[in-house]
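The values are calculated or read from the model by the stated rules, or taken from the named source; none is laboratory data. Quick caveat, the model's predicted, so the values are computed rather than measured. Using ideal geometry, Cβ is built from the backbone for each residue, glycine included, and neighbour counts are taken over all protein chains shown. For the accessible areas, the whole protein counts, side chains as well, though only heavy atoms, and no ligand, DNA or RNA atoms are used. Shrake-Rupley method; radii C 1.70, N 1.55, O 1.52, S 1.80 Å.
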Amino acid sequence: MRAPLQQIETSGELPQSADAVVIGGGIVGVFAAYYLARRGMEVALVEKGRIGAEQSSRNWGWCRQQNRDARELPMATRSLDLWDSLAAETGEDTGFRRCGLLYLSNDEAELAGWARWRDFARTAGVTTHMLDSAEAGERGRATGRTWKGGVFSPTDGTADPSRAAPSVARAILKLGGSVHQSCAARGIETEGGRLSGVVTESGTIRTKLAVLAGGAWASSFCHQFGFRFPQASVRSSILSVSPGTEGLPDALHTARISATRRGDGGYTLAISGRGRVDVTPQQLRFSSQFLPMFLKRWRSLAPGGLQGMRSGHETLRHWRLDQPTPMERMRILDPAPDQATIRRTHARALELLPALRQTRISAAWAGYIDSTPDGVPAIGEIDTIPGFFLAAGFSGHGFGIGPGAGHLVADLVTGSEPIVDPKSYDPRRFDASAWGKVADF
Ligand SMILES: Cc1cc2nc3c(=O)[nH]c(=O)nc-3n(C[C@H](O)[C@H](O)[C@H](O)COP(=O)(O)OP(=O)(O)OC[C@H]3O[C@@H](n4cnc5c(N)ncnc54)[C@H](O)[C@@H]3O)c2cc1C
């Protein structure tokens with residue numbers, strides 16, 4: 001069974017023109033469209049499948065500053081405030097709560113790394129508490145084990161992936177924007193070198209401003225007009241269990257297993273960082289640029305299969321704008337979960353958290369996590385096509401920082417003071433090597 005997801009109604013006819021068009025209705029696209037609509041712009045959002053149906057409903061729901069790379073920490077901090085304020089602004093409930101995140105460990109080196117991060121985070125005004133063995137045992141009592149230590153980050157939280165993107169999409173509609181599902185953008189048009197329109201399967205929208213928030217599809221889209229965006233995906237498999245357990249932490253990370261309370265009272269279970277690499281033409285094209293990332297993460301990655309080839313998101317093909325594209329053939333990227341990982345994850349969770357034995361598996365799924373060579377997203381205008389902006393490559397962190405990323409996009413599109421310094425996100429930085437720059441956590 002797929003990850004649960006609220007459905008929303010699609011707007012009527014596609015507009016012939018708009019102040020801005022957002023391509024992709026994941027968490028980044030909906031927040032970008034929301035913050036553009038709040039500035040009084042006429043915004044149309046086009047989504048090839050359903051709002052939130054790819055990565056944005058398949059994740060754990062963690063919205064964290066804890067262990068964030070320095071380049072992303074300011075955006076993570078601002079995003080938590082934006083998650084907080086959204087409900088008051090819109091009356092929509094994304095399920096966001098500052099429940100705090102709990103990390104437990106018996107590994108001295110890991111604990112030392114978290115302590116170093118705590119010291120760095122203090123300089124950015126972020127509070128996080130190292131736990132000694134007694135405190136870790138107390139906070140982690142559901143495990144019934146002793147721990148050398150841990151971390152608790154009280155200002156972090158979780159939102160509900162099954163309803164976050166649909167809630168923000170409803171907020172866009174309330175502001176007068178339009179949301180078009182089952183509507184793939186096939187490409188763009190330019191006049192005098194500037195963006196002049198977005199071509200979709202249902203017609204062309206004339207616009208001078210567009211944002212590509214296409215998740216795992218962004219690089220193959222950019223390839224159509226010759227912009228080189230190195231991006232590769234890893235297939236991550238996770239499961240959820242039914243409600244019925246009380247007394248577990250809301251959000252717990254250990255090296256063997258992570259558990260997150262869901263909006264329905266059940267839990268999402270996963271092994272952090274674990275994934276399979278399904279070979280694709282795009283992976284081969286960018287393999288040398290991903291070498292530093294691969295060397296850092298190889299212990300948790302395993303070779304996958306051919307399903308990435310069949311799904312078409314990382315194709316190197318050039319497609320025509322007057323015929324169905326790979327995006328229309330694959331409305332929702334829904335890779336098969338790795339059953340061995342699902343079994344191992346469940347067994348480890350029952351071993352660590354015995355209370356979960358009263359529950360049953362309610363769903364298991366996989367998602368392609370789109371990554372850049374340095375593990376930091378690409379957000380900014382594509383210099384060769386003024387008016388066209390990229391916001392993709394969120395490298396497994398995009399749900400939590402979705403509000404800040406969307407806000408930053410709206411700032412850049414409208415030429416306003418940016419909510420955070422955009423320098424680290426420059427889409428052109430991939431022309432340089434990623435050695436020594438891969439995000440730590
Ligand atoms: C298993 C798993 C666990 C994760 N856990 C976390 C977590 O706990 N915390 C966290 O912060 N992040 C987490 N992530 C990462 C997070 O989910 C992503 O970084 C984030 O959802 C990316 O959002 P997005 O909007 O960029 O992409 P997506 O959610 O993938 O959305 C992109 C959308 O664009 C659409 N699209 C693409 N091309 C076109 C086109 N041409 N026309 C129209 N529509 C198009 C797609 O259909 C899709 O709906 C996790 C990811 C996975 C898979």
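Worth pointing out:
- Over the chain, Cα pairs under 8 Å with separation of 6+ residues give a relative contact order of 23 percent.
- When the GluC sites (Glu not before Pro) in region 6-87 are filtered for DSSP coil states and for at most 13 other beta-carbon atoms within 10 Å of their beta-carbon, the remaining sites are Glu9, Glu13.
- The figure for His318 is an accessible area of roughly 120 square angstrom, using a 1.4 Å probe on the protein chains alone.
- Region 1-98: relative contact order as a whole-number percent, Cα under 8 Å and 6+ apart: 23
- Shape call, region 273-377: gyration tensor on alpha carbons, a/c limit 1.5: oblate
- Surface share of carbon and sulfur [accessible, 1.4 angstrom probe, percent] for region 218-374: 55
- Euclidean distance of C-alpha centroids, region 68-107 and region 294-311, integer Å: 29
- Pairs from Lys208/Lys423; Lys148/Lys423; Lys174/Lys208 whose Cα-Cα separation, in the structure shown, is over 28 Å: Lys148/Lys423
- Normalised per residue, the accessible area of the chain is 39 Å², obtained with a 1.4 Å probe and no contribution from ligands, DNA or RNA.
- Accessible surface comparison of Arg256, Arg170, Arg348, probe 1.4 Å, protein chains only, largest first: the order is Arg256, Arg170, Arg348.
- Here region 322-387 and region 190-232 have alpha carbon centers that stand 23 Å from each other.
- Built amide H within the under 5 Å cut-off of Gly214, gap 5+: Ala391
- Rounded to the nearest 10 square angstrom, Asp421 shows an accessible area of 100 square angstrom against a 1.4 Å probe.
- Trypsin sites (Lys or Arg not before Pro) lying in DSSP loop within region 70-166, provided at most 10 other Cβ fall within 10 Å: none
- Proximal aspartates and glutamates to Lys437, defined as alpha-carbon separation beneath 19 angstrom and excluding residues fewer than eight positions away on the same chain: Asp69, Glu72, Asp370, Asp374, Asp421, Asp426
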